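Chemist: Next up is a structure, given as structure tokens.
No value in this document is a laboratory result; all are computed from the given coordinates. This structure is a prediction, so every number in the text was calculated from the model and none was measured. With ideal geometry, Cβ positions are generated from the backbone for all residues, glycine too; neighbour counts draw on all protein chains shown.
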Amino acid sequence: MTNDNQIDFEGIDRKQLSKIKQHFIQLNQTRYQRTLGALSERQQQFLILLPLLFHVNHPMLPGYISHLTPSGVQAYTPSKDDIRVAKSVARSFNYQRDLVDKKDAIEALFVMGSLGTIAHADNSDIDVWVCHAKDIPKAALAELQEKCEALTRWAESIHIETHFFLMESEKFRQGQQALLSSESSGTAQHFLLLDEFYRTAVWLAGRLPLWWFVPAAQEKNYTGYTKNLLEKRFLRANEYIDFGGIPEIPPNEFIGAGIWQLYKGIDSPYKSVLKLLLLEAYANDQFNEPLSLRLKRKIYADLDNNQSLNADELDAYVLVYQRLEEYLLAQNQPTRLELVRRCFYFKSGKHLSRTSRNVAKAWQRLLLEKMVKNWEWAQHQLTMLDNRAYWKSPHVLAERNLLANELSQGYRLLVDMNKNNPGEAAISSNELLILGRKLHAAFERKAGKIDWINPNISQDLSEPALCFVQTQEANTSVWQAYRGSQQDFTLRSQASEPIKRSRNFMELLLWCYGNGIFSAGTKLDIAAKDFSLQSFQRQQLLQVIQQWLPLPLKKVEHESFMQNAQPTHILLAFNVGVEPQADLHKKGMQMLSSQRDAFGYSGMKENLVISVDIVQRNSWGEIVCRHFDSDALVNCLLHYLRAIPPGKHSALPSLTVRCFSLGQGATIEQRVLDLWRAIITCFYSGSRARNTRFIFEMADEYFLLQFVQHHAQILRFATYEKLLEKLALPQMEFSPLMVDAYALRDKPLRLFCEMVKTPAIYLFYQIENQQAQITIVDQKGAFFSKTLALFNVQALLRPLCRFIRTAVERQALDYEHHQDHLMDVEDLQAIKIFELVGDPKQKNSWLEPRNVAQDLTQVQFINVCAVAEPHETEGLSFTLYCDGKEFSALQFGDELFTEVAKYIVAGRKHGETYPCYITDLDLSLCRDIIAPQTGVQLIHYLHIKNDIELKLNEALLQTYG
């Protein structure tokens, strides 16, 4: 033997090569016998018959397709035992040489995986490599694949999960072979797959692996070494199959393999943790030699030392454990090493704390006992591990956290490797993103999220009794779940640790339910001061949860993680454990009212919504719970709207509304549903302007809902007048108003909002007691309201319409100057005028359209025009023109309005005292002061006009006085 990078055949002869062959075949035979020993009789027949089934095509044997199916295993002749087993399966079978394809289309057969190892279990699957000759026609290969599928079905019938893979060795060496293992994700794991094959494969028939005959020290010279072996006729080429060597494993393969294992580890972490840690060790420069080379080194060392093979030391999974132990000891990570030992123990499937059924212990048990003794595990620890199926939540939670940490660390390692090897990346950043989302959904903690603690760790976490206890800690309400009844909890001499803490009852209940701790048979006790849930209410709550979240949860499809999480189901649970009108219910009374609005119930306008739990399920399978008991409905509504902004989702989540109040539960449910339907119609149906505002009432308050830069905002107003003040503010774009069916029932604003559906200028007026209530809506939907003294309708409306048209004209000029908008002046000058008729307070009113004459000559008034400009210090400065005469603030200062009033009074022949109105206003120089963001709108003209008129009419009154 020679050192690396040297090829010297002086120390090699055919006799030594024969010994190498004998050693590998001896190990192979031991593994084969161990595999048979772990199988049932029918399963043994399957494994024994595999070479014969691919050697001949016989109609009575399993897997038969046709006589033309490629067959004939090279260098294979069935033994008498093989034929006997075949006859036990198909009595009429007779082996004849003429059945065999003379071309011998099958070069070799191998099985790989955990067969024949300490990790082999009843549910272990088998990968079969069917290595065929090259240049077989596609149609023939398709028929061979069909045969493999038929054999897969036969294996299923005897409870063996089998995967067949057709392969061609030359294509494999060149990296062209497709998926070759149920544990791999294709060609991206070429060398990792080959490494696993060389250390786990059991040869069944055909050619032997050429790799056996290349010393580990010559692995980097594999091609040259094997070429000389064959050309110098140390070995005959037609007796060996060449899959290639493993000089080293490229880092990019770790990424592909890691992705695969992480996907599997989310649901079954124990097996994946071992493989992920092996990848981590391989990625470390000190531990990166492939395990298959360690196997080969041991075999060659035993040969050199004339020692017999120790199959236990060469067990594929023992080699994995040894590498991980060395790695974690070097890293000084004893906690991770203990987890690896548990994973290995569980993988072995042996229960050492229990007495073996057989008098003679199986080799796996003996080997595992030896390893466990070295680990210094106590008997009670073995008993605990062997009862894993019955672990309860405290133990499962601790174990789950360790497993989740391993998977998270594995993910971070993959991300770092992908960054450090961008040119060789075997996986896309998008694939890593999807994996990250899956891990996030499975293990990431966040406020209110129901985390799943049992990824196939225990079979049953259910408790016969639970006690939920509410306490106050640091002025915060805390809910805790304890195992056992309230009596058990009370009798405990020392404080026990709860299995879970939550900020609210519903989150705690969902956590216990979702993790199988609280089931239909669990007795639930509740110890809380201001929380009451009677037995039938608990049953009702459990039924609602079971319907909304049926268990077991369906597996989330891979495609769901290709996009951001979207809410799919929402449950709104109102008044869980609390009761509106609680004092009345204690007395056996219930307030009845004809006022059926649950947000303003009875003459007291009482809001019956005390608390709400909003539970959200998303497309990644996450469950998040939020509880609101302060301003519950508003906060719940905001949470919903911000979680599901309009225009962001193709479909709204399914909504379930339930109320658990004893009295008005149905009333509350219906009212909430009505509100949500109205809001969905307003913001999600696409039938209304995107900037629509929504008004609703609750108790004695008014609420205005609007989206500002796609962010939901709800403003509240103690009075109707305060609401009107808000509605009079400028809008960035057309913002009509939609009113909830229960709101503004005795207010004229309701009728106005129903009329304003498209951008235009609306003028509404109501005559009452020699006063006119004027409401003007501008093109963006801002509402301007004012009460004026009335002399006659024409004198009121004609100047007002004149002002509006002039202001719109000036707006158009201003926009044209700033090139912000193109406006149709004629359309915007068309004012839609309506008179409010009837009595809104009696809910008996309507709107009638009105026309106002354009001619102003018959209306006696002085034409007053105002020009505004920025003041040198702050605000605006005005110049007023009365019938063309100029009155400037520069000339009159603070006496401006007094001088204008004197002029107006002097012009009135009969000393009339009616108000004065502005007929024109110029704001062309004021945009940067009064409306830098929105631009000057009609609502600005109306507000400034109102301010001027207030000052001017006040001066008029003083002049008359």
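Chemist: Ignoring solvent entirely, what values of log10 I(q)/I(0) come out of the Debye formula for the stretch 465-558 at 0.16, 0.17, 0.18 Å⁻¹ when each Cα is a single scatterer?
Modeler: -0.69, -0.77, -0.85
Chemist: Once each part is reduced to its C-alpha centroid, what is the distance from the stretch 349-409 to the stretch 57-113 in angstrom?
Modeler: Using only Cα atoms, the two centres lie 42 Å from each other.
Chemist: Here's something else I'd like to know. Treating the beta-carbon of each Lys and Arg as +1 and of each Asp and Glu as -1, no other charges, what is the dipole magnitude of the stretch 864-960 about its Cα centre, to the nearest 20 debye?
Modeler: Dipole of the stretch 864-960, to the nearest 20 debye: 360 debye.
Chemist: Sticking with this structure for a sec: Please get the size of the charge dipole for the stretch 379-488, origin at its Cα centre, with Cβ charges of +1 on Lys and Arg and -1 on Asp and Glu, quoted in debye to the nearest 20.
Modeler: So the magnitude is around 240 debye.
Chemist: How long is the stretch 872-921 along each principal axis, judged by its Cα atoms, biggest number first, in Å?
Modeler: Largest first, the stretch 872-921 extends 41, 20, 18 Å along its Cα principal axes.
Chemist: With Kirkwood's inverse mean 1/r over C-alpha pairs for Rh, give me the Rg to Rh ratio of the stretch 204-269, two decimals please.
Modeler: When Rh is taken as the Kirkwood radius, the ratio is 1.18.
Chemist: Toward the positive end of the charge dipole of the chain, about the Cα centre and with charges on Cβ (Lys, Arg +1; Asp, Glu -1), which of PRO550, GLY436, VAL900 goes farthest?
Modeler: PRO550
Chemist: Roughly how far apart, in whole Å, are the Cα centres of the stretch 133-174 and the stretch 439-466?
Modeler: The stretch 133-174 and the stretch 439-466 have Cα centres separated by 41 Å.
Chemist: Something else: So what's Rg/Rh here for the chain, counting alpha carbon atoms and using the Kirkwood radius for Rh?
Modeler: With Rg and the Kirkwood Rh in hand, the quotient comes to 1.18.
Chemist: LYS87: which aspartates and glutamates have alpha carbons under 17 Å from its alpha carbon, excluding same-chain residues fewer than 8 sequence positions away?
Modeler: Correct list for LYS87: GLU41.
Chemist: Given points 7 Å out from each Cα along the Cα-Cβ axis, report the GLU170 to ARG745 separation in nanometres with one decimal.
Modeler: 8.8
Chemist: Return the subset of LYS138/LYS275; LYS264/LYS554; LYS902/LYS945 for which the Cα-Cα distance in this structure is over 28 Å, preserving the input order.
Modeler: With Cα atoms farther than 28 Å apart: LYS138/LYS275.
Chemist: Ok, one more. Could you tell me which of rounded, prolate or oblate describes the stretch 377-488, using a ≥ b ≥ c as the square roots of the eigenvalues of the alpha-carbon gyration tensor, with rounded for a/c under 1.5 and, failing that, prolate when a/b is larger than b/c and oblate otherwise?
Modeler: It comes out oblate by the Cα gyration axes.
Chemist: Which whole-Hz couplings ³J(HN,Hα) result when phi for each residue of the stretch 830-845 is put into the Karplus expression 6.51 cos²θ - 1.76 cosθ + 1.60, θ = phi - 60°, listed in order with x for Gly and Pro?
Modeler: 7, 8, 8, 10, 9, 9, 7, 10, x, 10, x, 5, 8, 6, 9, 8
Chemist: Which shape class applies to the stretch 258-415: rounded if a/c is under 1.5, otherwise prolate when a/b exceeds b/c and oblate if not, where a ≥ b ≥ c are the square roots of the Cα gyration tensor eigenvalues?
Modeler: Oblate shape, in that a/c is at least 1.5 and b/c is the bigger or equal ratio.
Chemist: While we're on this one: Figure the gain on full extension for ASP631 and ARG688 (residue separation times 0.36 nm, minus the Cα-Cα span) and round it to one decimal in nm.
Modeler: Once the chain is fully extended between ASP631 and ARG688, it gains 17.7 nm.
Chemist: Let me spell out the model: positive unit charges on the Cβ of Lys and Arg, negative unit charges on the Cβ of Asp and Glu, origin at the Cα centre of the chain. What dipole size does that give, in debye rounded to 20?
Modeler: For this selection, approximately 3780 debye.
Chemist: How big is the stretch 176-300 by the Kirkwood estimate over distinct Cα pairs, in Å?
Modeler: That comes to 15.7 Å for the stretch 176-300.
Chemist: Give me the net charge for the shell around GLY436: Cβ to Cβ below 11 angstrom, other residues only, Lys and Arg +1, Asp and Glu -1.
Modeler: Every neighbour counted, the sum reads +1.
Chemist: Hey, what did the chain get for relative contact order, percent, Cα under 8 Å, at least 6 apart?
Modeler: Relative contact order comes out at 6 percent.
Chemist: Looking at the chain, identify the longest residue range that excludes and avoids all GluC sites (Glu not before Pro) in DSSP loops having at most 16 other Cβ atoms within 10 Å.
Modeler: Counting only loop sites that pass the neighbour cut-off, the longest clear stretch is 558-732.
Chemist: Also: Helix by helix through the chain, keep the DSSP H runs that span 24 Å or more along the axis on Cα and average at least 0.5 on Kyte-Doolittle, and give those back in order.
Modeler: Length and hydropathy pass: 665-683.
Chemist: What is the calculated FRET efficiency for ALA830 to THR787, with r their C-beta to C-beta distance and R₀ = 22 Å, to the nearest 0.05?
Modeler: 0.30
Chemist: Right, another one. Could you please report the charge total around GLN176, scoring K, R as +1 and D, E as -1 over all other residues with beta-carbon less than 13 angstrom from its beta-carbon?
Modeler: Once positives and negatives cancel, what remains is +1.
Chemist: What residues qualify as long-range amide H neighbours of ASP839, i.e. H under 5 Å apart, gap of 5 or more or another chain, H built at 1.01 Å from N?
Modeler: So ASP839 has HN proximity to ASN844, SER845.
Chemist: Separate question: May I ask you to list the trypsin sites (Lys or Arg not before Pro) in the stretch 424-532 that are in a DSSP loop and have at most 16 other Cβ atoms within 10 Å of their Cβ?
Modeler: Of the trypsin sites (Lys or Arg not before Pro), the ones in loops of the stretch 424-532 whose Cβ has at most 16 other Cβ atoms within 10 Å are ARG445, LYS446, ARG492, ARG503, LYS529.
Chemist: Average projected area of the Cα convex hull of the stretch 864-960, in nm²?
Modeler: 6.3
Chemist: Once Lys and Arg get +1 and Asp and Glu get -1 on their Cβ, which of LEU53, CYS801, ASN288 lies farthest toward the positive end of the dipole of the chain?
Modeler: Looking along the dipole axis, the top candidate is LEU53.
Chemist: Same structure again: Trypsin sites (Lys or Arg not before Pro) within the stretch 320-355: which are DSSP loop residues with at most 12 other Cβ atoms inside 10 Å?
Modeler: Sparse-neighbourhood loop trypsin sites (Lys or Arg not before Pro): ARG354.
Chemist: Using Cα centres only, tell me the gap between the stretch 701-767 and the stretch 467-545 in whole Å.
Modeler: Using only Cα atoms to place each centre, the spacing works out to 45 Å.
Chemist: Need one number for the stretch 630-697: average projected area of the convex hull over its C-alpha atoms, nm².
Modeler: Here the figure is 5.3 nm², rounded to one decimal.
Chemist: Hey, another quick one. Where Lys and Arg each count +1 and Asp and Glu each count -1, what net charge lies around ALA699 among other residues with Cβ under 9 Å from its Cβ?
Modeler: The answer is -3.
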